[in-house]
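Have a look at the structure below before the remarks.
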Amino acid sequence: MSRACRLCGSTGTVPLDVLAPEELEREYRRQCGVRIILPVQPIEYRCCDQCGLRFFEPAEPGDDAFYAALGRLPWYYQDEKHEFALAARRIGPGHDVLEIGAGRGAFACGLRARSYCGLELSTAAIATAHASGLTLLRETVEEHAARRPAGYDVVCSFQVLEHVHDPRGFLEAASCCLRRGGHLVVSVPAEDSFMGADRFDVLNMPPHHLTRWTDRALAAVAGLVGLELIDVTHEPLAPGHARLYARVAAQSGFAALRGWAPRLLDARLTSPLAAGCVWLHASLIRRTLRFRRRRPAGHTVVAVYGKP
Ligand SMILES: [Zn+2]
C-alpha cells in the first residue's frame, strides 16, 4: 500500500486515524440505506505534511451501482449550489466552458456561454440530463484533455475532486484543457470548516470521498499543475446546515472535555450520556448562532485558478 501523498507525491504523510471496513459498511447502511462491500484491510486516514492534503488509503471510488443508489436519495443531487454563481462570474457570452462531473446538468441550465461541454460518468445522471435535453459525454477529464487540449476558456468542477483516486492527474488534465488566460473553478467540501471536525459524515469517507481539502492543499495545487491561485472563498454556513454545525461543535467540545483525541465514527460519542450532553450543548450553540456577527465557514470552499 502506498502512503505517498496523492497530490504532491511526498512520502512525508502521517496517519490521523484508521477505519475498519465493517464499521464503514454498517454506517453506509444506517445513514444512507446503501450496501457497500469493501476489501477486508483497514483504511488509513492520512495527512500530508508537505501540502496539507488529507486522504484515505487504500480507497477505491464507488462504482456505477453505488452512485445510482445514492442518486435515488432525494437530497443527493442539488440543482442550486452556492458556487454556481461564483463560477458564472468568470463566464462571458464568448466563452467555451467545460464542466467535469456535470451530474444531471444543473449548472448548464441558464448558462450564458458560447459553448458548453459536460463530462459525466454516472449512467443514471447522464440519462436524467438527456431526458431534459442536455447531452453529456461519458468520458474522464484525462481522456478529454488528450482530445481537446487548450480547448476552453473556463473549466469548472463542482464537488468532484474529492471523489477521484488520482487528484493530481485530474487537476493536470483540467489545466491542460484550459487556454492561456483561462480559469479553473473547483469546489470541494471545506476541510477547514465544521466538515473537517464532523466525525460521523460517512459520505465524507470512502468509497464516496477519497480525499479531503484544506485551504493549504488548494493553494498547493497551483504550483503543481502550472496554474496561479486567484482566490479561495468559503461559503458562509447555510441555514440548512445550522443543526449539523451545532452538533459537530458540541461533539468536538464534549470530546475535548473528556480528553479524547479526534476519531472518525467514534462510538464513545454515541453513548447515552455523551449523546444527551451533545444534544443540550448543540441546542445552545444553535440559539447563539443567530447573534454572531459573521456566519462561520460553511460546507463548501471554492478555489479559482488562472492559466498564465
Ligand atoms: Zn502532499
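Rule-based calculations on the coordinates, nothing more; no lab input. Being a predicted model, the structure only gives us computed values, none of them experimental. No Cβ is skipped: glycine too gets one built from the backbone with ideal geometry, and neighbour counts run over all protein chains shown.
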message = So for the chain, averaging the separation of alpha carbon pairs under 8 Å that are six or more residues apart and normalising by length, what relative contact order in percent results?
response = 18 percent
query = Mind listing the phi-derived Karplus ³J(HN,Hα) values for the range 63-79, rounded to whole Hz, using 6.51, -1.76 and 1.60 with θ = phi - 60°, and x for any glycine or proline?
reply = 8, 4, 5, 4, 6, 5, 5, 5, x, 7, 6, x, 9, 5, 8, 9, 7
task = Kindly point out, ordered by number, any Cys in the chain whose beta-carbon has no other cysteine beta-carbon under 4.7 Å away.
result = Cys32, Cys47, Cys109, Cys117, Cys156, Cys176, Cys177, Cys277
Residues with amide H under 5 Å from that of Leu16, placed H, sequence gap 5 or more = Tyr45, Arg46, Cys47
note = Nearest-0.05 FRET efficiency for Leu284 and Glu80 at R0 = 25 Å, using Cβ-Cβ distance, is 0.25
task = For the chain, list log₁₀ I(q)/I(0) at each q in 0.09, 0.13, 0.14, 0.16 Å⁻¹, using the Debye formula over Cα point scatterers of equal strength and ignoring solvent, two decimals each.
result = -0.47, -0.99, -1.15, -1.46
task = Rank the residues Glu162, Glu142 as a footprinting-exposure proxy: fewest other Cβ atoms within 10 Å of their Cβ go first.
result = Glu142, Glu162
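Taking loop as defined by DSSP and a crowding limit of 12 other beta carbons within 10 Å, which trypsin sites (Lys or Arg not before Pro) in the range 41-131 fit?
Values: sites: Arg46, Arg54, Arg72, Lys81, Arg89, Arg90, Arg104, Arg112, Arg114; in loops: Arg72, Lys81, Arg89, Arg90, Arg104, Arg112, Arg114.
Filter output for the range 41-131: Arg72, Arg89, Arg112, Arg114.
Can you give the calculated 222 nm mean residue ellipticity of the chain, where each DSSP H run of n ≥ 4 adds -39,500 (n - 2.57) and the sum is split over every residue, rounded to the nearest 500 deg cm²/dmol? Each step should come with its number before you reach the end.
Values: 10 runs with 102 residues, N = 308.
Calculated from helices alone, the mean residue ellipticity at 222 nm is -10000 deg cm²/dmol.
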